[in-house]
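Novice: First the structure, which I've put down as structure tokens, then a few questions once you've had a look.
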Amino acid sequence: MRVLSGIQPTGGLHLGNLLGAILRWVRMQDGAECLYFLADLHSLSEYMEPEVRRASVREMAAALIASGIDPAKSILFAQSAVPAHAELCWLLNGTARMGWLNRMTQWKDKAGKNREGASVALFDYPVLQAADILLYQATHVPVGEDQKQHIELTRDIALKFNADFDADVFVPPEPFIGGGAAARVMSLRDGRAKMSKSDPSDMSRVNLTDSDDDIAQKIRKAKTDPEPLPEDPALLEERPEARNLVGILAAMSGESIEQVLARFAGQGFGQFKPVLADALVALLAPLRTRLEEFRRDPAELDRMLADGAERAQQLAAPTLAAAYRAVGLTS
Ligand code: TYM
């Protein structure tokens, strides 16, 4: 079992990233060989000031370590420091089909009506993601629900490449959504939109860097409805905001939705929200304090990332060489 996952180093970590992915990455560190990386090449799909990009990679590395990713247990690195990612992406560009990429919902959502003006990198984004995964023969890719389609595409690319070149180069990976209630954490302002760093309203998400007061205020103001909480989870189906808040508490306390509802059935959000806010503060405050410590030592962060990149490069080399051979670029 080999685990791999990545995160774009744009904006800070929010609760969706944490519950949907990062805290699961942390739990997987003891049972498997894990590779986690900052997808800085992916961040080229949208314009960003170079200085901001440079700073964001370190900031996200600090946030991951503060959240419990241990560079002594896991291989933590920046994608651009391992050129094999970009190289394999180009080889896979010969295999991926325009029609497959055209069907990706992330492409459709992000390009919107402005397809002509979108970057080629935004369109090709899933092929680079496939390269990330296939380079390391990763078997498990822990991601939130929104990335499932990209992992399925990775399987298709792996199978077509192996078949076209009659070679057993790639292992088709499994998405590893798990995460239960947290696989899709929704916006605090709209229970039908996912919590996201690109939402213009900061009130829509809880950030790792939010103060205790910010967290309490965001939960107090989170959109809800006037009904009390039911006992039966099925009754939350038509109440997306209520379902989201219950799901967040369940994910944090390790309970099922049923167990949370058993505690709160018949009570309103006036009673539920303070409990949720306290649980969030208890989870996030210690991580925030650690983040502040790691930020103070950028040289140490750079050292850890360089060490991770060196280990990743070694693991990637045999697969990259096999891919070059398979397509006939080397013998
Ligand atoms: P990114 O940076 O958007 O998000 C990082 C991880 O957080 C999860 N996530 C969520 N989970 C639940 N609810 C939410 N509201 C929520 N928002 C984000 C994402 O599913 C993801 O697991 N394309 C990837 C980065 C990537 C990657 C890879 C991942 C590049 N190469 C290879 C896995 C394997 C992305 O943009 O994630």
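Novice: Can you spot a residue in segment 263-274 that is in a helix (DSSP H, G or I), touching a residue at least 12 places away in the same chain (Cβ under 8 Å) and of a type in the set (A, V, I, L, M)?
Specialist: No; the residues of segment 263-274 include none that is in a helix (DSSP H, G or I), touching a residue at least 12 places away in the same chain (Cβ under 8 Å) and of a type in the set (A, V, I, L, M).
Novice: For segment 190-208, enumerate the residues that are open to solvent by 40 Å² or more (accessible area, probe 1.4 Å) and among the aliphatic types (A, V, I, L, M).
Specialist: Met203
Novice: If a residue has to be open to solvent by less than 10 Å² (accessible area, probe 1.4 Å) and more than 11 Å from the chain's Cα centre (by Cα) to count, how many in segment 16-28 make the cut?
Specialist: The number of residues fulfilling the criteria is 0.
Novice: Residues in segment 244-259 that are surrounded by fewer than 17 Cβ atoms within 10 Å (Cβ to Cβ) and closer than 16 Å to Gly16 by Cα: how many?
Specialist: 2
Novice: Do we have Ala111 as farther than 22 Å from Lys194 by Cα and either assigned by TED's automatic domain parsing to the domain that holds Ala61 or in contact (Cβ under 8 Å) with a residue 60 or more places away in the chain (or both) here?
Specialist: Criteria not met by Ala111.
Novice: So, one more: Counting only residues that are open to solvent by 10 Å² or more (accessible area, probe 1.4 Å), near the ligand (Cβ under 10 Å from one of its atoms) and under 14 Å from the mean Cα position of the chain (by Cα), how many does segment 117-142 have?
Specialist: The total comes to 1.
Novice: Follow-up question, since we're still on this one. Find all pairs meeting these conditions: Cβ atoms under 7 angstrom apart; at least six residues apart or on different chains; first residue within segment 151-166 and away from the ligand (no atom under 16 Å from the Cβ); second residue open to solvent by 80 Å² or more (accessible area, probe 1.4 Å).
Specialist: Asn162/Asp168
Novice: Further question: Restricting attention to segment 189-225, which residues are within 14 Å of the ligand (Cβ to nearest atom), closer than 19 Å to Ala21 by Cβ and not charged (D, E, K, R)?
Specialist: Ala193, Met195, Ser196, Ser198, Ser204, Val206, Asn207, Leu208 - these are the residues of segment 189-225 that are within 14 Å of the ligand (Cβ to nearest atom), closer than 19 Å to Ala21 by Cβ and not charged (D, E, K, R).
Yes/no matrix, rows are residues, columns are (1) modelled with pLDDT of 95 or more; (2) in contact with a helix residue (DSSP H, G or I) (Cβ under 8 Å, 6 or more places away or on another chain):
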residue	(1), (2)
Ala262	yes, no
Ala265	yes, no
Phe272	yes, yes
Ala282	yes, no
Leu287	yes, yes
Asp297	no, no
Arg303	yes, no
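Novice: Looking only at segment 230-255, which residues are closer than 17 Å to Leu188 by Cβ and not in a helix (DSSP H, G or I)?
Specialist: Arg239, the sole residue that qualifies.
Novice: Also: Please work out which one of (1) within 9 Å of the ligand (Cβ to nearest atom); (2) among the hydroxyl-bearing types (Ser, Thr, Tyr); (3) more than 28 Å from Val171 (Cα to Cα) is the condition Tyr47 fails and give its number.
Specialist: Tyr47 satisfies every listed condition except (1).
Novice: Which of the residues spanning segment 2-31 are among the polar types (S, T, N, Q), within 8 Å of the ligand (Cβ to nearest atom) and farther than 17 Å from Ile215 by Cβ?
Specialist: Result: Ser5, Gln8, Thr10.
Novice: Counting just the residues of segment 32-44 that are open to solvent by less than 20 Å² (accessible area, probe 1.4 Å) and either near the ligand (Cβ under 8 Å from one of its atoms) or part of a helix (DSSP H, G or I) (or both), which one comes out nearest to Val141 (Cα to Cα)?
Specialist: Once the filter is applied, the top-ranked residue is Phe37.
Novice: Kindly indicate which of Ala96, Ala55, Ala61 is of a type in the set (A, V, I, L, M, F, W, C), assigned to a helix (DSSP H, G or I) and open to solvent by less than 50 Å² (accessible area, probe 1.4 Å).
Specialist: Unique residue meeting the criteria: Ala61.
The values are calculated or read from the model by the stated rules, or taken from the named source; none is laboratory data. Because the structure is a prediction, the values reported are computed rather than measured. Because the Cβ atoms are built from the backbone with ideal geometry, glycine has one as well, and the counts that use them run over all protein chains shown. Just so you know, the surface numbers come from the protein's heavy atoms only, side chains and all, with ligands and any DNA or RNA stripped out. Shrake-Rupley method; radii C 1.70, N 1.55, O 1.52, S 1.80 Å.
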